[in-house]
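Notes for the one structure printed next.
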Amino acid sequence: MVDARITADNLGAWLIKCQPKANPELPRTIREGDPQPVTRWCVADNYRSRMMASGDRVVLWVSGDGRELARGIWGLGWVTGQVPPMVDELGAETGKLEVPLHLPLLSSGLTAETIRAAGISDLEVLRLPQGSNPSWVSVDQLTALGELLGDWPAFSAPT
């Protein structure tokens with residue numbers, strides 16, 4: 001089992017989860033092959049979100065019952081900045097945090113079943129699927145996943 005405390009030494013990538021029922025536009029975008037990357041995602045206000053920094057790798061995990069998309073990895077990319085508080089239309093902080101991303105979507109995902117079949121069964125998202133965003137992938141787990149995922153997209157800083 002992987003140590004639950006994340007450090008700069010054991011962090012391979014952040015993992016953000018998408019529940020298709022709460023975010024129906026994302027599965028639709030993937031099915032339609034829309035090339036637009038995800039540029040931001042809400043995260044919990046905790047030590048993990050405070051650790052997120054530009055240049056960190058990020059993985060998009062689709063959860064749910066599998067009717068919209070198979071559970072698994074559907075995007076690979078990068079954190080592109082610090083996590084600022086969200087503000088409403090009047091400029092007041094909402095109490096929510098949003099991480100800036102460059103997260104291209106995959107045309108075909110890496111399913112949870114394929115990940116488990118490859119012997120990667122200790123991902124936090126598999127052990128604690130109801131946890132908050134962000135979750136994480138260790139260096140060792142990311143190395144093992146890399147054999148299944150192939151090349152990571154190039155870092156793209158915001159313009």
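Coordinate-derived values only; no laboratory data. As the structure is a prediction and not an experimental result, all values here were calculated from the model. Glycine also receives a Cβ, built like all others from the backbone with ideal geometry; neighbour counts cover every protein chain displayed.
Take the residues in segment 110-120 that are in contact with a helix residue (DSSP H, G or I) (Cβ under 8 Å, 6 or more places away or on another chain) and outside any helix (DSSP H, G or I), then tell me which one is farthest from Ala154 (Cα to Cα). Looking at residues that are in contact with a helix residue (DSSP H, G or I) (Cβ under 8 Å, 6 or more places away or on another chain) and outside any helix (DSSP H, G or I), I get Gly119. Applying the criterion of at least 2 residues that are in contact (Cβ under 8 Å) with a residue 40 or more places away in the chain, surrounded by fewer than 18 Cβ atoms within 10 Å (Cβ to Cβ) and touching a strand residue (DSSP E or B) at 6+ places or on another chain (Cβ under 7 Å) to the strands (runs of 3 or more DSSP E) found wholly in segment 1-104 leaves 38-43, 93-103.
In segment 87-122, which residue that is among the charged types (D, E, K, R) and more than 25 Å from Leu26 (Cα to Cα) is nearest to the chain's Cα centre (by Cα)? Once the filter is applied, the top-ranked residue is Asp122. So how many residues does segment 105-159 have that are under 24 Å from Gln19 (Cα atoms), among the β-branched types (Val, Ile, Thr) and touching a Gly at 6+ places or on another chain (Cβ under 8 Å)? Qualifying residue count, segment 105-159: 5.
For Gly12, indicate whether it is at positive phi and either in contact with a helix residue (DSSP H, G or I) (Cβ under 6 Å, 6 or more places away or on another chain) or not acidic (Asp, Glu) (or both). No: the conditions fail for Gly12. Mind checking which residues of segment 137-159 are under 19 Å from Leu101 (Cβ atoms) and not in a helix (DSSP H, G or I)? Passing the criteria: Val137, Asp151, Trp152, Pro153, Ala154, Phe155, Ser156, Ala157, Pro158, Thr159. For segment 105-119, taking the residues that are surrounded by fewer than 19 Cβ atoms within 10 Å (Cβ to Cβ), of a type in the set (A, V, I, L, M) and without any contact (Cβ under 8 Å) to a residue 60 or more places away in the chain, the one that is nearest to Trp14 (Cα to Cα) is identified as Ala118.
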